[in-house]
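Comments concern the structure below.
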Amino acid sequence: MRIRERRAADGPAIERLVEACFGPAFPARTASRLRGSSLPVEGLAFVAEVGGVIAGSVACHPVRWRAASGLERPLLLLGPLAVDPGHRGAGVGTALMVRAAAALDGQQAAAVLIGDEPFYGRFGFLKGPGAEWRLPGPFEPARLLLRAASAEDWRGPAELLPAQPLEQAA
């Protein structure tokens, strides 16, 4: 297995992989709504190749965190983590997460995801800080996990929003 940075040419293979993992309803899911049409953040998108074929992928996308006070900060949304069903249980997802966590550390970036704490907790994601957050769609609050240098800085009422399109960014 080889983990490498995602390339633009990987897009079609990743789309097929994500659909195989999550089904055709994936675009309607809350995390997909948050990602919107944003591109993965450079240096924070990876694929796993097995035998020269993409067997897994993970990427971080920009989102916005807006506190009830109006304070707004950028945040990253990690996911989806997709592993080809034929390669599950072989460490592909773990290898991708190790690489993604190291890249997040290198950029000193905070990230959020919707996932299962038993898997993502070992990479520093914890539940709790987002207990009062609103998202654009349904989600289970216990599955909203945050990885940040100071989780306390993110607690309290807030909402997660898609990143602004580049032409609207200040």
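The values are calculated or read from the model by the stated rules, or taken from the named source; none is laboratory data. Keep in mind that this is a model prediction, so the values were computed, not measured. As a convention, Cβ positions derive from the backbone with ideal geometry for all residues, glycine included, and neighbour counts pool all protein chains shown. Only protein heavy atoms, including side chains, enter the accessible area calculation; ligands, DNA and RNA are left aside. Shrake-Rupley method; radii C 1.70, N 1.55, O 1.52, S 1.80 Å.
Observations on the model:
- The packing ranking, built from the mean of other Cβ atoms within 10 Å per residue, places the peptides 17-23, 137-143 in the order 17-23, 137-143, highest first.
- Highest-first packing order for the peptide set 111-122, 48-59 is 48-59, 111-122, based on the mean count of other beta carbon atoms within 10 Å.
- Protein heavy-atom surface of the chain, 1.4 angstrom probe: 54% of the accessible area is carbon and sulfur, with nucleic acids and ligands not counted.
- When each of the peptides 68-77, 26-35 is scored by how many other beta carbons lie within 10 Å of its residues on average, the order from highest to lowest is 26-35, 68-77.
- For the chain, the longest principal axis of the alpha carbon atoms and the long axis of helix 92-106 meet at an angle near 50°.
- Spin-label model distance (nm) - Q107 vs E15, 7 Å beyond Cα toward Cβ: 2.3 nm
- In degrees, nearest ten, helix 11-22 long axis to first principal axis of the chain (Cα): 80 degrees
- Normalised per residue, the accessible area of the chain is 52 Å², obtained with a 1.4 Å probe and no contribution from ligands, DNA or RNA.
- Prolate/oblate/rounded call for the chain, Cα gyration tensor, a/c under 1.5 rounded: prolate
- Full extension of the segment from E49 to E5, taken as 0.36 nm per residue of separation minus the current Cα-Cα distance, would add 14.8 nm.
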